[in-house]
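Structure record follows, encoded as structure tokens.
The values are calculated or read from the model by the stated rules, or taken from the named source; none is laboratory data. The structure presented is a predicted model; accordingly, all values stated were derived computationally and were not measured. In this analysis, Cβ positions are derived from the backbone assuming ideal geometry, glycine residues included, and neighbour counts consider all displayed protein chains. Heads up: the accessible areas ignore ligands, DNA and RNA and are worked out on the full protein's heavy atoms, side chains in. Shrake-Rupley method; radii C 1.70, N 1.55, O 1.52, S 1.80 Å.
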Amino acid sequence: MRAAIFSFSARGAELSKKVAEYLHSIGYETELQTVAKYAEQTGIAPMLPDHNGACAAVFNKCQALVYVGAVGIAVRTIAPFIKSKLTDLSRCLAAALGATACVTTATDVNGLFAVDEWAARNRMVLCSLAAAKDFAAALVGDERVGLYYDKEFQLTGPLPKLVAEDSSLPVGMAVTLQKHLQPFATTVRLLPKIVHLGIGCRRNTPLENIEALVLPELEKLQLDKRSVVAIASVDLKKDEQGLLAFAKKYNFAANFYSADELNSVAGDFTPSAFVQSVVGVSNVCERSAVKDSKGGRLLLRKTSLNGVTLAVAAENLVLDFARTGLKTD
């Protein structure tokens, strides 16, 4: 995930650095820009050619834009590019900075659960804004809404007001990795960004060969690409252009680990004497996927095609609505 942070004063530029620290801590790559006259003294890149042009350059590349400055400037700058409201980081940033978020939706005003806000705060993709509006309307109308989550996930603590684990309800939310799942007549499907791809390949493997294996396998698993956080491999592959191009094309992070780090990963993995002799670890893809997912579960063991190997793992998740929402083990 990527975020651009714009500031318009020297003091705002310093605050933007704190914003960047927080966003980095929750998995964002950050890009800071400020007005030209404060760039040198703050060590932040200038907005070029101006703040409108800078916004245009990053709007479609970033999952979040943060303006440290006047609301009017922010609204006028982003207005030409806005299509819909899908995410909101305001509460998270407010908590991190000791500030107060101003959020004015019907669910917020009535002290009800806001599914779009919860999704943004907890690294989830909201698949349908229309379904989210129906979900919010049901809550505002004092109607019960349902909750479904994949059996591999865990739930702890109380549910929000009017939310129940009841599949018979007409409207509900589904926290799931299954891209086509619709357990309710009106389903707000939330895709947690918890999937990690462990990839090994021969030297100079082209992007097309990686796509030829990865994309069909994700489809077989019924996984949406938007659930993928990163690709991972052994550090000998950190300059592999096909891997890097694949990560860039699909906006995945690319993480690389030493043979010692991969050998330290606990689990039962598919061994290869040849791979062991070449890179010093008996399995790259499975160990990389599990390592990158913080000890998560394998969804796909080693599979190969045209010199590329792939394994898929998912982080272990706990849903806790009483506190900050989604937590990862």
How do the pairs read when you match residues in segment 9-33 that are touching a residue at least 24 places away in the same chain (Cβ under 8 Å) with residues anywhere that are part of a helix (DSSP H, G or I) and of a type outside the set (A, V, I, L, M), using Cβ under 6 Å and keeping only pairs 6 or more apart or on different chains? A10/Y38; A13/Y38; A13/T42; T30/H24; L32/S16
From L139, L197, L191, L159, which residue is open to solvent by 40 Å² or more (accessible area, probe 1.4 Å), touching a strand residue (DSSP E or B) at 6+ places or on another chain (Cβ under 8 Å) and aliphatic (A, V, I, L, M)? L159
Which pairs turn up if I take residues in segment 266-292 that are at positive phi and look for partners that are of a type outside the set (D, E) with beta carbon separation below 7 Å, at least 6 apart in sequence or on another chain? G267/V290; G280/A259
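Only one residue in A212, A174 is touching a residue at least 12 places away in the same chain (Cβ under 8 Å) and part of a strand (DSSP E or B). Which one?
Matching residue, one of A212, A174: A174.
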Can you name the condition, by its number, that K220 falls short on among (1) open to solvent by 20 Å² or more (accessible area, probe 1.4 Å); (2) at pLDDT below 95; (3) not aromatic (F, W, Y)? (2)
Can you find, within segment 1-35, the residue that is least open to solvent (accessible area, probe 1.4 Å) among those that are closer than 17 Å to A230 by Cα and assigned to a strand (DSSP E or B)? A3
Please work out which one of (1) in contact with a Gly (Cβ under 7 Å, 6 or more places away or on another chain); (2) surrounded by 21 or more Cβ atoms within 10 Å (Cβ to Cβ) is the condition P183 fails and give its number. (2)
Would you be able to say whether some residue in segment 303-317 is open to solvent by less than 20 Å² (accessible area, probe 1.4 Å), farther than 28 Å from A212 by Cα and outside any loop (DSSP other than H, G, I, E, B)? yes
Taking segment 238-253, which residues are small (G, A, S) and either over 17 Å from R202 (Cα atoms) or buried (at least 19 other Cβ atoms within 10 Å of the Cβ) (or both)? G242, A247, A253
Segment 260-280, residues that are out of contact with any Phe, Trp or Tyr (no Cβ under 9 Å at 6 or more places or on another chain) and either open to solvent by less than 20 Å² (accessible area, probe 1.4 Å) or within 26 Å of Y28 (Cβ to Cβ) (or both): E261, L262
